[in-house]
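The values are calculated or read from the model by the stated rules, or taken from the named source; none is laboratory data. No experiment lies behind these values; they were computed from the predicted model shown. Here the Cβ positions follow ideal geometry from the backbone for every residue, glycine too, while neighbour counts run over all protein chains shown.
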Amino acid sequence: MRTIDLTTTPSVEVISAYTAPNQQVLAVDEAAAWWVIGSFYVPVTSRARLEVIGLVSSDSLTMQVRLFDMTAAAVVSGTQVELDDTNDQRALSGAVEVTGGHTYQFQAQVLAASGFGVVKSATLV
């Protein structure tokens, strides 16, 4: 006779946050011109990575995307990624710790005289 044992866990936490799809980021010809493309609250401290899918309007452009901790008023070190392709491209940051009880933003910028980037999605995984 065979038996099946079930293993249970009291809770599972899933951290995931998304931007609005196809968020356009216009190029600006000045430093530190970050656009907010999404905000979210993190209920518990955990490790995560920033995953971005997007593109730029010209091969000469680079779009930067990062995670910003609004509660601490600081960029989350290690989360900035770059996209430089005119076709959909995926970029993944290194793993970082996000703090429970904090509110975060996805921020993006394209530094150039003209053009744009498109963030298809930004996800905390």
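Apart from one condition, residue 117 fits all of (1) assigned to a strand (DSSP E or B); (2) surrounded by fewer than 19 Cβ atoms within 10 Å (Cβ to Cβ); (3) more than 14 Å from the chain's Cα centre (by Cα); (4) small (Gly, Ala, Ser); the exception is (2). Here the condition is being at pLDDT below 90, over 15 Å from residue 104 (Cα atoms) and of a type in the set (A, V, I, L, M); of 6, 26, it holds for 6 alone. Selection within the range 82-114: residues that are assigned to a loop (DSSP other than H, G, I, E, B) and within 21 Å of residue 47 (Cα to Cα). The member of this set that is nearest to the chain's Cα centre (by Cα) is 93. Applying the condition of being among the charged types (D, E, K, R) and more than 17 Å from the chain's Cα centre (by Cα) to the range 30-75 and asking which residue is surrounded by the fewest Cβ atoms within 10 Å (Cβ to Cβ) yields 30.
Residue 79 passes every criterion in (1) polar (S, T, N, Q); (2) assigned to a strand (DSSP E or B); (3) buried (at least 19 other Cβ atoms within 10 Å of the Cβ) apart from (2). Inside the range 52-76, residues that are within 17 Å of residue 33 (Cβ to Cβ), part of a loop (DSSP other than H, G, I, E, B) and touching a Ser or Thr at 6+ places or on another chain (Cβ under 8 Å) make up a count of 1. Within the range 95-113, the residues that satisfy the criterion of being exposed (fewer than 12 other Cβ atoms within 10 Å of the Cβ) and modelled with pLDDT of 95 or more are 97, 101.
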